[in-house]
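What follows is one structure encoded as structure tokens, with my remarks underneath.
The values are calculated or read from the model by the stated rules, or taken from the named source; none is laboratory data. The structure displayed is predicted, hence computed values, not measured ones. When we count neighbours, we look across all protein chains shown, and the Cβ atoms used for this are built from the backbone with ideal geometry, even at glycine.
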Amino acid sequence: HFACADDPDNPNNAAQLQQFLALTGSLALPGCMANSAATLCNPPSQADWCRLGIGLYGASPVTGHPAAEYGLTPAMTLIAQIIALHNVKQGETVGYSQTWTAPRDSVIATVGIGYADGYPRHCPNGTPVVVRGQRGQLVGRVSMDMITIDVTHIEAVALGDDVELWGAQLPVDEVADWAGTISYELITRVSARVPRVTG
């Protein structure tokens, strides 16, 4: 792999490619050195095979460039359901350590997912989610088994509604940015207790 493939303009990429070709040019063997980022941004590195990793999930392998820019679409969507709805008065707080205070009378949904499921505990207030095709936001601390989201502006929200944490409507890269990490970490941390649905 390239050490800096996620930064296509880094001169180290060309240096590594030249070194690889110099070392392997006389060998009659197939070569492979391009990961997702190199496959998309460094065509001379593609050789005989390419090893796509994060690109297969539809996430961007290139820092600062959204997946859609490369025609990548999400292959994974993380969804949980609303398990409770609460009316919270202006000035009341939500969650451990009271990290969020309602700026107005609000409707807060409790969602059945938490850090034990792989949703990052360090996601801050404001991290986006999608409910009924509209964006809501995380409010309060991520708990072991639950999160709370502000759905005040979303009409007809009901118990059992799906909440997209990332996927087709909300890029995993965007959530990773909010969490201060990379999409690779979010995708690989979804725990075994989260049901998988394929097809």
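Yes or no: segment 32-53 includes at least one residue that is of a type in the set (Phe, Trp, Tyr) and touching a residue at least 60 places away in the same chain (Cβ under 8 Å). Steps first, please.
Quick first cut of segment 32-53, residues of a type in the set (Phe, Trp, Tyr) only: 49.
Checking which are touching a residue at least 60 places away in the same chain (Cβ under 8 Å) leaves us with none.
Checked against the condition, which is being of a type in the set (Phe, Trp, Tyr) and touching a residue at least 60 places away in the same chain (Cβ under 8 Å), segment 32-53 yields no hits at all.
Here is a list: GLY160, GLY126, GLY140, GLY118. Which entry is closer than 19 Å to GLY53 by Cβ and modelled with pLDDT of 95 or more?
GLY118
Being in contact (Cβ under 8 Å) with a residue 40 or more places away in the chain, of a type outside the set (A, V, I, L, M, F, W, C) and either surrounded by 16 or more Cβ atoms within 10 Å (Cβ to Cβ) or touching a His at 6+ places or on another chain (Cβ under 9 Å) (or both) is the requirement here; does GLY167 meet it?
yes
Among all residue pairs at least 6 apart or on different chains, which show Cβ distances below 9 Å where the first residue, located in segment 9-30, is at pLDDT 90 or above and basic (Lys, Arg) and the second is surrounded by 11 or more Cβ atoms within 10 Å (Cβ to Cβ) and part of a helix (DSSP H, G or I)?
none
I need the full set of residues from segment 99-114 which are of a type in the set (S, T, N, Q) and in contact (Cβ under 8 Å) with a residue 24 or more places away in the chain, in order please.
THR99, SER106, THR110
Kindly indicate the residue of segment 81-128 that is touching a Leu at 6+ places or on another chain (Cβ under 9 Å) and of a type in the set (Ser, Thr, Tyr) and also nearest to ILE147 (Cα to Cα) among those meeting that condition.
So, considering only residues that are touching a Leu at 6+ places or on another chain (Cβ under 9 Å) and of a type in the set (Ser, Thr, Tyr), the one nearest to ILE147 (Cα to Cα) is THR110.
Being assigned to a helix (DSSP H, G or I), within 30 Å of ALA5 (Cα to Cα) and either in the same structural domain as ASP145 (by TED's automatic domain parsing) or aliphatic (A, V, I, L, M) (or both) is the filter here; which residues of segment 56-108 pass it?
LEU56, ALA67, ALA68
May I ask you to verify whether ASP177 is of a type in the set (D, E, K, R) and either surrounded by 17 or more Cβ atoms within 10 Å (Cβ to Cβ) or more than 27 Å from GLY91 (Cα to Cα) (or both)? Let's see the steps before the verdict.
On the way: of a type in the set (D, E, K, R): yes; either surrounded by 17 or more Cβ atoms within 10 Å (Cβ to Cβ) or more than 27 Å from GLY91 (Cα to Cα) (or both): yes.
Taking the combined requirement at face value, the residue satisfies it.
Go through segment 148-189 and report how many residues are part of a loop (DSSP other than H, G, I, E, B) and either over 17 Å from the mean Cα position of the chain (by Cα) or not assigned by TED's automatic domain parsing to the domain that holds VAL94 (or both).
Total meeting the criteria: 11.
So which residues in segment 115-127 are surrounded by fewer than 18 Cβ atoms within 10 Å (Cβ to Cβ) and without any contact (Cβ under 8 Å) to a residue 60 or more places away in the chain, if there are any at all?
ARG121, HIS122, PRO124, ASN125, GLY126
Go through segment 33-48 and report how many residues are out of contact with any Gly (no Cβ under 6 Å at 6 or more places or on another chain) and exposed (fewer than 14 other Cβ atoms within 10 Å of the Cβ).
The total comes to 2.
For segment 36-55, enumerate the residues that are more than 23 Å from the chain's Cα centre (by Cα) and within 13 Å of ASP6 (Cα to Cα).
Within segment 36-55, just ASN42 meets the criteria.
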